[in-house]
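Before any comments, here is the structure.
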Amino acid sequence: MIAAILPGPWKPAVVAKQLATIDHLTQGRIAINVVSGWFRGEFDAIGEPWPEHDVRYQRSEEFIRALKGVWTQDQFNFDGKFYQFKDYTLSPKPVQKPHIEIFQGGSSRAARDMAARVSDWYFTNGNSPQELKKQIDDIREKAQANGHQVKIGVNAFIIARDTEQEAQAVLQEIIDKAHVAAVNSFADATREAGAATDEGEGNWAKSTFEDLVQYNDGFKTNLIGTPQQIAERILELKQVGVDLVLSGFLHAIEEVKYFGAKVLPLVRELEQQQQLKSA
């Protein structure tokens with residue numbers, strides 16, 4: 001389970017305590033996704049200030065450094081711009097060692113640089129292997145320079161069917177039945193968020209209406225088709241450095257079962273074939 005936490009409304013001491021408790025209750029099955037906050041409407045709705053883009057990432061980095069300190073040290077001290085601790089000890093510490101895994105998202109320069117310094121995982125929107133590779137190479141080069149390791153997760157909406165025609169028909173049905181006003185409202189919010197970055201664009205700068213129906217560009221990863229097609233594309237993602245596919249399904253129970261029975265065995269088979277070729 002991954003808990004999405006927004007710095008600002010949440011304080012690191014409270015989050016550290018709650019997640020440490022959940023970690024014990026679940027025997028190490030909790031993680032955190034630190035969400036820096038791209039959606040101004042959410043901040044306005046709860047009466048929280050919406051700092052400038054790069055300031056939000058500065059705050060998130062301090063938030064992560066504070067979590068790590070609380071989870072791994074006794075008499076923890078931290079004197080940041082946003083958070084301060086003095087001789088603080090949390091007991092018991094989390095089950096997971098050295099600490100609960102920390103995810104983050106974003107595609108801006110500030111987001112990627114933060115991932116290269118402090119995060120365990122970098123989540124990115126769906127995209128082609130070629131475009132994903134550009135982000136991954138950039139992050140890992142900077143992480144290496146920082147003496148840090150970061151894993152990569154990508155969003156994908158999976159539509160696996162016996163034929164490609166069936167899969168494409170399901171995709172089209174999802175798009176046709178989308179709530180047009182809701183998608184357009186989301187698009188407006190993403191443009192506002194993108195304009196706040198130094199680059200003047202954000203995660204969704206090149207996303208079409210059809211892409212935004214699945215709001216983290218899950219269709220763009222193109223895990224849509226037959227089990228064989230999807231298995232081959234998963235291997236392509238792995239080859240460019242993706243470590244995890246954050247998967248969405250239309251009918252989760254039935255389709256996860258189908259994915260496990262039809263797609264995953266092909267993925268393992270293709271992995272074995274690659275290993276034999278490399279041997």
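The values are calculated or read from the model by the stated rules, or taken from the named source; none is laboratory data. Values in this document were obtained by computation on a predicted structure and should not be read as measured data. Ideal geometry is used to build each Cβ from the backbone, glycine not excepted, and the neighbour counts take in all protein chains shown. Note: areas computed on protein heavy atoms with side chains; ligands, DNA, RNA excluded. Shrake-Rupley method; radii C 1.70, N 1.55, O 1.52, S 1.80 Å.
Per-structure values
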| read-out | value |
| --- | --- |
| Residue in region 39-61 that is farthest from I102 (Cα to Cα), counting only those that are acidic (D, E) and surrounded by fewer than 16 Cβ atoms within 10 Å (Cβ to Cβ) | D44 |
| Region 206-239: number of residues that are in contact with a strand residue (DSSP E or B) (Cβ under 9 Å, 6 or more places away or on another chain), closer than 28 Å to I139 by Cβ, in a loop (DSSP other than H, G, I, E, B) and open to solvent by less than 60 Å² (accessible area, probe 1.4 Å) | 4 |
| One residue from V118, V35, V95 being out of contact with any strand residue (DSSP E or B) (no Cβ under 7 Å at 6 or more places or on another chain), β-branched (V, I, T), within 26 Å of K151 (Cβ to Cβ) and buried (at least 18 other Cβ atoms within 10 Å of the Cβ) | V118 |
| Among the residues listed as A181, A111, A145, A169, the single one being open to solvent by less than 20 Å² (accessible area, probe 1.4 Å) and not hydroxyl-bearing (S, T, Y) | A111 |
| Qualifying helices (runs of 4 or more DSSP H) (wholly inside region 1-105; at least 3 residues being at pLDDT 95 or above) | 12-26, 53-72 |
| Test: residue in region 164-175 that is out of contact with any Lys or Arg (no Cβ under 7 Å at 6 or more places or on another chain), among the small types (G, A, S) and either assigned to a helix (DSSP H, G or I) or under 27 Å from Q228 (Cα atoms) (or both) | yes |
| Residue in region 14-31 that is farthest from W50 (Cα to Cα), counting only those that are in contact (Cβ under 8 Å) with a residue 24 or more places away in the chain and open to solvent by 30 Å² or more (accessible area, probe 1.4 Å) | Q27 |
| Region 50-78, subset aromatic (F, W, Y) and within 19 Å of the chain's Cα centre (by Cα), residue nearest to P7 (Cα to Cα) | F63 |
| First in region 155-184 and under 30 Å from Q104 (Cβ atoms), second anywhere and in a strand (DSSP E or B), Cβ under 6 Å, 6 or more apart | N155/L246; A156/V245; A156/S247; F157/G248; I158/S247; I159/I224; L171/I159; L171/I224 |
| Residue within region 131-138 that is surrounded by fewer than 20 Cβ atoms within 10 Å (Cβ to Cβ) and over 20 Å from the mean Cα position of the chain (by Cα) present | no |
| Selection count, region 249-273, where residues are assigned to a helix (DSSP H, G or I) and more than 18 Å from L235 (Cβ to Cβ) | 8 |
| Which numbered condition D162 misses (of (1) open to solvent by less than 70 Å² (accessible area, probe 1.4 Å); (2) more than 22 Å from the chain's Cα centre (by Cα)) | (1) |
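Quick grid of which residues meet (1) in contact with a Gly (Cβ under 6 Å, 6 or more places away or on another chain); (2) acidic (D, E):
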position: A167; (1), (2): yes, no
position: A178; (1), (2): no, no
position: D188; (1), (2): no, yes
position: E210; (1), (2): no, yes
position: T221; (1), (2): yes, no
position: V242; (1), (2): no, no
position: P265; (1), (2): no, no
position: S278; (1), (2): no, no
